[in-house]
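Written below as structure tokens is the structure these notes are about.
The values are calculated or read from the model by the stated rules, or taken from the named source; none is laboratory data. Owing to the predicted nature of the structure, the values given are computational and were not obtained by experimental measurement. Here the Cβ positions follow ideal geometry from the backbone for every residue, glycine too, while neighbour counts run over all protein chains shown.
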């Protein structure tokens, strides 16, 4: 599976905002963006004025990198968003939020979406009682995501379970901290996504 393997802190510096790609580290003084806020590269510190296309492109890149997708995957999500009824931009964000790897991250079972994707790929989770290893699966209302019984006793999940009390789950997920599971009680709405996206810029970019 194709994936980005470069330094992720470089992506945050490029977009000029924290994308929380390293989990808890992003909240500490070790965050690369806090120590060096300029964009990477020889001319990163230059004050450049972006044109309309540049603003739209950067918003697309920011959203794509926040959810950890490559260009083809992101574009496929946009095509699906266009096909659905309603506003394309909001549909896009809802599709991204409903990916299984994002749900695993939202339920507190991974420090980052990258880690959530890896855990799903290694079949550490059950979806409605069945093992699954496809991070891009779209969840539905009523779906139940559970840590696989063979994984619950691992040191990794014991550590994650201890930190669940300090994490706030989204209102569309009903998290059972004892069973290390979560039930999807509703699909996420636009107001449930608290990261400052301007999805209309992405729609304008793909509409050119």
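Numbers below:
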| read-out | value |
| --- | --- |
| Sole residue being modelled with pLDDT under 95, crowded, with 16+ Cβ neighbours inside 10 Å and on the phi < 0 side of the Ramachandran plot, chosen from 195, 157 | 157 |
| Checking residue 81 against (1) closer than 30 Å to residue 208 by Cβ; (2) surrounded by fewer than 22 Cβ atoms within 10 Å (Cβ to Cβ), the condition it does not meet | (2) |
| Sole exception among (1) in contact (Cβ under 8 Å) with a residue 40 or more places away in the chain; (2) more than 12 Å from the chain's Cα centre (by Cα); (3) assigned by TED's automatic domain parsing to the domain that holds residue 167 for residue 130, by number | (1) |
| Qualifying positions in the range 179-201 - more than 18 Å from the chain's Cα centre (by Cα) and within 19 Å of residue 82 (Cβ to Cβ) | 200, 201 |
